[in-house]
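A.B. asks: There's a structure below that I have some questions on.
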Amino acid sequence: MAVLTDFRNYIDAYYELWAENIRKNQKQAEIREQVLRQLHGLMDSFMLAGRDSEYDDALKYYQDMLTLLSVAEDDDAWDVGIAELETFFSVGNTPFATAVFANPLNLDVSAYRDWIVNITDNTTINIINATNGMAGMIELIYNSTGGQTVTFGTTFTKRVGANELYTYANADNIISWRCTGSDIIYTLDVVV
């Protein structure tokens, strides 16, 4: 279990390399940003598979993340199996909590990291009570009208990737986020 909860150290270290490359080497930063996009996609799939008790799939996504991060094969991180995933996903890392729509929409991540929000009007989203190392997902589902404006509040400080929210009727967006220091780093994608 400790191996899984400590996995964030690998991700945090990669974010640090990316930030350092932004300051020193733009080409390396671009390459690392591509890896971060892939990593966030794998993290989304990992969390969704675990939430749905599809542990074989979750394990595959976890191992793909280790490979992407170039974690040495003799590292303890590779010792994770189905039993560890069952424990990991049963201790508050899931399920998604459903938020009651509001404007502003303040999602308290001290109890739940993952949220589902049905968007019925314009709103500003903020994450509150995030601490270093926390990560989660927010699923934004637009109503049958669509077109509402969702603004990211000041807690969202760094976006990875160029995607925008899809606002068409019944659009289903995923926001992956991670708290690194005082920053909330996030990516956007759409469920197809």
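The values are calculated or read from the model by the stated rules, or taken from the named source; none is laboratory data. Remember, predicted model here, so these are calculated numbers, not experimental data. All Cβ positions, even for glycine, are placed from backbone atoms using ideal geometry, and neighbour counts span all protein chains on display.
A.B. asks: From the set of residues in the range 171-182 that are in contact with a strand residue (DSSP E or B) (Cβ under 6 Å, 6 or more places away or on another chain) and without any contact (Cβ under 8 Å) to a residue 60 or more places away in the chain, which is surrounded by the most Cβ atoms within 10 Å (Cβ to Cβ)?
C.D. replies: Restricting to residues being in contact with a strand residue (DSSP E or B) (Cβ under 6 Å, 6 or more places away or on another chain) and without any contact (Cβ under 8 Å) to a residue 60 or more places away in the chain, the top hit is I175.
A.B. asks: Also, quick follow-up: Do we have any residue at all in the range 165-183 that's more than 20 Å from W18 (Cα to Cα), modelled with pLDDT of 90 or more, part of a loop (DSSP other than H, G, I, E, B) and aromatic (F, W, Y)?
C.D. replies: Looking through the range 165-183, at least one residue is more than 20 Å from W18 (Cα to Cα), modelled with pLDDT of 90 or more, part of a loop (DSSP other than H, G, I, E, B) and aromatic (F, W, Y).
A.B. asks: Need the failing condition index for A2 against (1) surrounded by 16 or more Cβ atoms within 10 Å (Cβ to Cβ); (2) at pLDDT below 85; (3) not polar (S, T, N, Q), just the number.
C.D. replies: All conditions pass for A2, except number (1).
Results for (1) acidic (D, E); (2) out of contact with any Ser or Thr (no Cβ under 9 Å at 6 or more places or on another chain); (3) modelled with pLDDT of 85 or more, shown as yes or no for each residue.
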site: W18; (1), (2), (3): no, yes, no
site: K24; (1), (2), (3): no, yes, no
site: K27; (1), (2), (3): no, yes, no
site: Q38; (1), (2), (3): no, yes, yes
site: D44; (1), (2), (3): yes, no, no
site: M47; (1), (2), (3): no, no, no
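A.B. asks: Still on this structure: Having 2 or more residues that are out of contact with any Asp or Glu (no Cβ under 9 Å at 6 or more places or on another chain) and surrounded by 18 or more Cβ atoms within 10 Å (Cβ to Cβ) is the bar; report the strands (runs of 3 or more DSSP E) wholly within the range 12-128 that clear it.
C.D. replies: Where strands (runs of 3 or more DSSP E) fall fully within the range 12-128 and carry at least 2 residues being out of contact with any Asp or Glu (no Cβ under 9 Å at 6 or more places or on another chain) and surrounded by 18 or more Cβ atoms within 10 Å (Cβ to Cβ), they are 105-108, 123-128.
A.B. asks: Only one of (1) surrounded by 16 or more Cβ atoms within 10 Å (Cβ to Cβ); (2) of a type in the set (S, T, N, Q); (3) over 21 Å from D189 (Cβ atoms) is not met by N9, so which one is it?
C.D. replies: Evaluating N9 over (1) surrounded by 16 or more Cβ atoms within 10 Å (Cβ to Cβ); (2) of a type in the set (S, T, N, Q); (3) over 21 Å from D189 (Cβ atoms) leaves (1) as the failure.
A.B. asks: Tell me which residues, restricted to the range 129-184, are farther than 20 Å from N106 by Cβ and hydroxyl-bearing (S, T, Y).
C.D. replies: Of everything in the range 129-184, those that are farther than 20 Å from N106 by Cβ and hydroxyl-bearing (S, T, Y) turn out to be S144, T145, Y166, T167, Y168, T180.
A.B. asks: Which condition number in (1) in contact with a helix residue (DSSP H, G or I) (Cβ under 8 Å, 6 or more places away or on another chain); (2) over 24 Å from F46 (Cα atoms) is the one that Q148 fails?
C.D. replies: With respect to (1) in contact with a helix residue (DSSP H, G or I) (Cβ under 8 Å, 6 or more places away or on another chain); (2) over 24 Å from F46 (Cα atoms), Q148 is out only on (1).
A.B. asks: Now for a separate question. So P104 ticks every box in (1) over 18 Å from the mean Cα position of the chain (by Cα); (2) touching a residue at least 40 places away in the same chain (Cβ under 8 Å); (3) not assigned by TED's automatic domain parsing to the domain that holds I175 but one. Which box is left unticked?
C.D. replies: (3)
Per-residue answers, yes or no, for (1) in contact with a Ser or Thr (Cβ under 9 Å, 6 or more places away or on another chain); (2) among the hydrophobic types (A, V, I, L, M, F, W, C); (3) farther than 28 Å from F88 by Cα:
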{"position": "G136", "(1), (2), (3)": "yes, no, no"}
{"position": "I141", "(1), (2), (3)": "no, yes, no"}
{"position": "S144", "(1), (2), (3)": "no, no, yes"}
{"position": "T149", "(1), (2), (3)": "yes, no, yes"}
{"position": "F156", "(1), (2), (3)": "no, yes, no"}
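A.B. asks: Regarding T67, is this residue polar (S, T, N, Q) and in contact (Cβ under 8 Å) with a residue 40 or more places away in the chain?
C.D. replies: In short, no.
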